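Following: one structure in structure tokens, then a few remarks.
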Amino acid sequence: MMNKIQSIRGMHDILPDRTPLWRWLEARLAEVFASYDFHEIRLPIVEKAEVFTRAIGQATDVVEKEMYAFEDRNGDLLALRPEGTAAVVRSAIQHGLLNTPGLKVWYQGPMFRHERPQKGRQRQFHQFGAEIFGLDAAAVDAELIALGQRIWRELGLTDRIRLEINTLGDRDDRERYRQRLVDYLRPHADQLDEDSRRRLETNPLRIFDSKHEQTRGIMADAPLLADELGEEARVHFAEVRELLDGLGIEYTVNTGLVRGLDYYCRTVFEWVTEDLGAQGTVCAGGRYNDLVAMQGGKDTPGIGFALGVERLLALLDAAGVERDQKPQVFIVSQVAATDTLKMAEFLRDRLPGLRLGAALGGGSMRSQFKRADRSGARWCLVLGEREHAEGQVALKDLRAEGGEQQTMPIDQLPDFLATALAGEVDD
Ligand code: ATP
Ligand code: MG
């Protein structure tokens with residue numbers, strides 16, 4: 001026998017037993033985005049690598065270690081997108097979408113990062129993201145956070161997710177602070193882990209992200225960006241907090257929250273859970289007022305977030321949320337295949353949206369009834385030879401004890417089924 005080809009490590013199939021939950025979640029998210037006047041944008045999965053190296057920053061994990069970059073046959077350096085924001089910005093500039101302020105877009109789809117696969121961490125994973133351009137009012141930050149809150153509420157996850165926020169100040173604030181942080185850390189350099197020692201030169205703020213215990217101990221006493229904030233960034237953050245308070249959205253200020261990508265400024269936030277172990281950030285985002293200009297557009301503020309669909313699904317699993325998609329009616333038949341098919345098409349015509357299966361290929365009635373049972377359908381439509389010749393069919397409720405059949409004329413069947421199925425809740 002030939003050996004079996006396997007999928008790529010960290011890139012998973014989403015099998016039919018899971019897709020109903022995915023589709024349900026995707027539909028809920030699309031509804032929430034629409035209710036905040038966001039519009040969907042669909043972008044290529046492959047971009048010029050430069051879209052990400054310029055935006056995300058060279059000295060970040062995503063670009064330095066995780067990006068799937070490759071030369072195509074023309075020698076152009078391309079990348080499988082590791083995230084959405086930089087590509088949304090590329091597209092918005094290219095198509096002049098930023099000319100009117102207040103553009104609100106959302107996207108979804110697979111993202112690719114070459115990191116060590118583990119629970120909550122794949123190499124192909126999926127994100128939903130939202131971005132708002134051209135507005136830098138604190139109310140915009142607050143509305144975006146309120147949108148997140150509404151998603152968790154819609155999904156029944158409010159008790160499992162909490163909000164952390166911080167401010168990264170403006171560019172000058174960060175420059176000043178970076179210098180103070182480096183001055184503080186330099187004398188401790190030989191006690192830092194290797195990654196952090198390297199970051200001391202390239203991207204010292206990211207040392208806050210280190211999981212290394214000794215490094216964390218040193219960072220606990222580090223000077224705070226909060227003490228270096230300029231007036232504008234300080235007022236902005238105070239306004240955001242006030243608006244969140246006004247909306248009754250609970251949060252904690254986490255001064256160690258720095259986010260992994262270089263383009264963030266001012267408000268940053270993460271929605272985190274304790275239910276998923278180490279990979280507890282479900283949704284993360286922040287402001288990026290310099291990004292559009294960095295990507296070659298006119299100076300335009302922006303803010304957005306991305307949520308990890310797999311982590312959100314894991315939370316839904318933990319909360320016991322299930323979705324399946326069984327047929328509602330399943331046909332077993334003793335009559336000719338042409339009559340079985342005609343009956344099925346007749347019902348699909350008359351009952352749009354009906355999920356209908358049939359034991360095509362025949363076999364004994366016993367084995368056909370077994371297939372009907374396994375399908376999970378409630379109603380089994382029995383096309384018996386004698387009844388069918390008389391224009392009659394039998395319908396059996398597979399969930400009823402004893403499973404009695406009722407016989408009825410074919411032309412009454414659609415109405416009967418319409419009434420019987422109306423009581424079923426269906427998302
Ligand atoms: P982490 O600290 O977990 O690596 P990140 O800061 O790299 O996250 P972002 O780039 O902000 O993550 O992506 C937003 C969200 O996308 C994350 O909060 C997470 O839910 C999800 N995500 C990121 N990387 C992965 C991955 N490799 N596998 C699954 N989900 C991911
Ligand atoms: Mg990461």
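No lab work stands behind these numbers, since they all come straight from the coordinates. Since we're looking at a predicted model, the values are computed, not measured. Note that each Cβ is placed from the backbone with ideal geometry, even for glycine, and that neighbours are counted across all protein chains shown.
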Quiz item: For the Cα atoms of the chain, what angle does the longest principal axis make with the long axis of helix 85-94, in degrees from 0 to 90, nearest 10?
Solution: 90
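To the nearest 500 deg cm²/dmol, what mean residue ellipticity at 222 nm is calculated for the chain from DSSP H runs of n ≥ 4 alone, each contributing -39,500 (n - 2.57), summed and divided by the residues?
Working: 14 runs with 155 residues, N = 427.
The helix-only estimate for the chain comes to -11000 deg cm²/dmol at 222 nm.
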Self-check item: Residue among Leu356, Leu80, Leu135 with the largest mean-square fluctuation in a Gaussian network model of the chain, springs linking Cα atoms under 10 Å
Solution: Leu356
Quiz item: Using the beta-carbon distance between Asp339 and Gln279 and R0 = 51 Å, what value does 1/(1 + (r/R0)^6) give for FRET efficiency, to the nearest 0.05?
Solution: 0.40
Quiz item: If you put +1 on each Lys and Arg Cβ and -1 on each Asp and Glu Cβ, how big is the dipole of segment 329-420 around its Cα centre, in Debye rounded to 20?
Solution: 460
Exercise. Write out the chymotrypsin sites (Phe, Trp or Tyr not before Pro) in segment 1-82 meeting two conditions: DSSP loop, and at most 15 other Cβ atoms within 10 Å of their Cβ.
Key: Tyr36
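Among Val335, Val393, which comes first, second and so on when ranked by fewest other beta-carbon atoms within 10 Å? Please report the intermediate quantities before stating the final value.
On the way: Val335 16, Val393 24.
The most exposed by this proxy come first: Val335, Val393.
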Self-check item: Ascending count of other beta-carbon atoms within 10 Å, so fewest first, for Val253, Val282
Solution: Val253, Val282
Practice problem: Between Met2 and Arg186, with labels modelled 7 Å along Cα→Cβ, what's the label distance in nm to one decimal, could you check? | Solution: 6.3
Quiz item: Summing +1 for each Lys or Arg and -1 for each Asp or Glu, what net charge is found among the other residues whose Cβ lies under 15 Å from the Cβ of Arg121?
Solution: +2
Quiz item: Mind checking which aspartates and glutamates have their C-alpha under 18 Å from Lys119, skipping anything on the same chain fewer than 8 residues away?
Solution: Asp13, Glu66, Glu274, Asp275, Glu310, Asp317
Quiz item: Let a ≥ b ≥ c be the square roots of the eigenvalues of the Cα gyration tensor of segment 265-344; is it rounded (a/c under 1.5), or, if not, prolate (a/b larger than b/c) or oblate?
Solution: oblate
Quiz item: Once you list every other residue whose beta carbon is under 14 Å from the beta carbon of Glu239, what net charge do they have if Lys and Arg are +1 and Asp and Glu are -1?
Solution: -3
Quiz item: Over the chain, what is the percentage of antiparallel beta bridges among all DSSP beta bridges, to the nearest 5?
Solution: 80
Quiz item: How big is the gap, in Å, between the Cα center of segment 280-355 and the Cα center of segment 51-77?
Solution: 30
Quiz item: What nm distance separates the two modelled labels at Arg198 and Arg9, each placed 7 Å from Cα along Cα→Cβ?
Solution: 1.9
Quiz prompt | Sequence of Ile5, Ile410, Ile41, Ile303 once ranked by neighbouring C-beta atoms within 10 Å, starting from the fewest | solution = Ile5, Ile410, Ile41, Ile303
Exercise. Run the quick spin-label model on Val253 and Asp172: label points 7 Å from Cα toward the beta carbon, then report their separation in nm to one decimal.
Key: 2.2
Quiz prompt | Alpha-carbon centroid distance for the pair segment 87-126 / segment 358-427, whole angstrom | solution = 47
Exercise. List the pair-distance distribution P(r) of the chain, using every Cα-Cα distance, as the percent of pairs falling in each 10 Å bin from 0 up to the bin containing the longest distance, rounded to whole percents.
Key: 4, 18, 23, 20, 13, 10, 8, 3, 1, 0
Quiz prompt | Chain lengthening between Ile45 and Phe416 when straightened (0.36 nm per residue, less Cα-Cα) | solution = 128.8 nm
Quiz item: Does anyone have the angle between helix 19-35 and the longest principal axis of the chain? Alpha-carbon axes, 0 to 90°, nearest 10?
Solution: 60
Self-check item: 19 Å Cα-Cα reach of Lys48 towards lysines, excluding residues that sit fewer than 8 places from it in its own chain
Solution: Lys65
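Among the trypsin sites (Lys or Arg not before Pro) in segment 39-97, which ones are in a DSSP loop with at most 13 other Cβ atoms within 10 Å of the Cβ? Mind listing them?
Details: sites: Arg42, Lys48, Arg54, Lys65, Arg73, Arg90; in loops: Arg42, Arg73.
When the trypsin sites (Lys or Arg not before Pro) of segment 39-97 are filtered for loop state and at most 13 Cβ neighbours within 10 Å, Arg42, Arg73 remain.
Let me make sure I get this right: for segment 329-420, a, b and c are the square roots of the gyration tensor eigenvalues over alpha carbons, sorted descending. Under 1.5 in a/c it's rounded, otherwise prolate if a/b > b/c, else oblate. Which is it?
On the way: a/c = 1.22, a/b = 1.06, b/c = 1.15.
Rounded shape, in that the Cα axes give a/c under 1.5.
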Practice problem: For the chain, find the longest principal axis of its Cα atoms and tell me its angle to the long axis of helix 231-247, 0 to 90°, nearest 10. | Solution: 30
Exercise. At 0.36 nm per residue, minus the direct Cα-Cα distance, what do Arg323 and Gln392 gain on full extension? Give it in nm, one decimal, please.
Key: 21.4 nm
